Structures are given as structure tokens and as C-alpha cells.
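Q: I'd like to ask you about the structure that follows.
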């Protein structure tokens, strides 16, 4: 799954479940984005290619999103 696809999935999940969604960019160095979904948060790597499946599953688990 690409970064852009994951962000679309998270935004759609937030909208359908009435959760707040926020992206915090520019905190520190590197290509990572802090994402807040409701009361949960995690850091997502910003890459152009495909993210490993384990990384995507870990992000979804941290945010409480079921695939």
C-alpha cells in the first residue's frame, strides 16, 4: 500500500466514524508525518513507493483501524 492510499483510507475511516483527523508535518527532520485519529496517534513514514505490509498493519493497529 502506498502512503497516499493509506492516508485516504484513514481519512475515510475518520469521516465514517465521526473521528477527528489531523496530520502534523514538519516536526523534526525526515520524511515522517504524525497522524492523530480520534484520541490515538502514530507516526507514518512518507515514501513514494510501497510500504511493507507489516508497517501498514502496525500503523492500522496503533490507530485502532480494522482492515
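The values are calculated or read from the model by the stated rules, or taken from the named source; none is laboratory data. Values in this document were obtained by computation on a predicted structure and should not be read as measured data. Note that we place each Cβ from the backbone using ideal geometry, even for glycine, and neighbour counts take in every protein chain shown.
Q: Mind listing just one residue for me: the one in the range 39-52 that is touching a residue at least 24 places away in the same chain (Cβ under 8 Å) and not in a loop (DSSP other than H, G, I, E, B) and, of those, farthest from residue 10 (Cα to Cα)?
A: 50
Q: Give the residues of the range 53-66 that are surrounded by 12 or more Cβ atoms within 10 Å (Cβ to Cβ) and in a loop (DSSP other than H, G, I, E, B), sorted by residue number.
A: If the condition is that a residue be surrounded by 12 or more Cβ atoms within 10 Å (Cβ to Cβ) and in a loop (DSSP other than H, G, I, E, B), then 64, 65 are the ones that fit.
Q: Would you point out the residue of the range 19-37, among those that are surrounded by fewer than 15 Cβ atoms within 10 Å (Cβ to Cβ) and part of a loop (DSSP other than H, G, I, E, B), that is modelled with the highest pLDDT?
A: Top of the filtered list is 20.
Q: Still on this structure: Take the range 1-18 and flag every residue that is within 11 Å of the chain's Cα centre (by Cα) and surrounded by fewer than 13 Cβ atoms within 10 Å (Cβ to Cβ).
A: Within the range 1-18, 4, 5, 8 meet the criteria.
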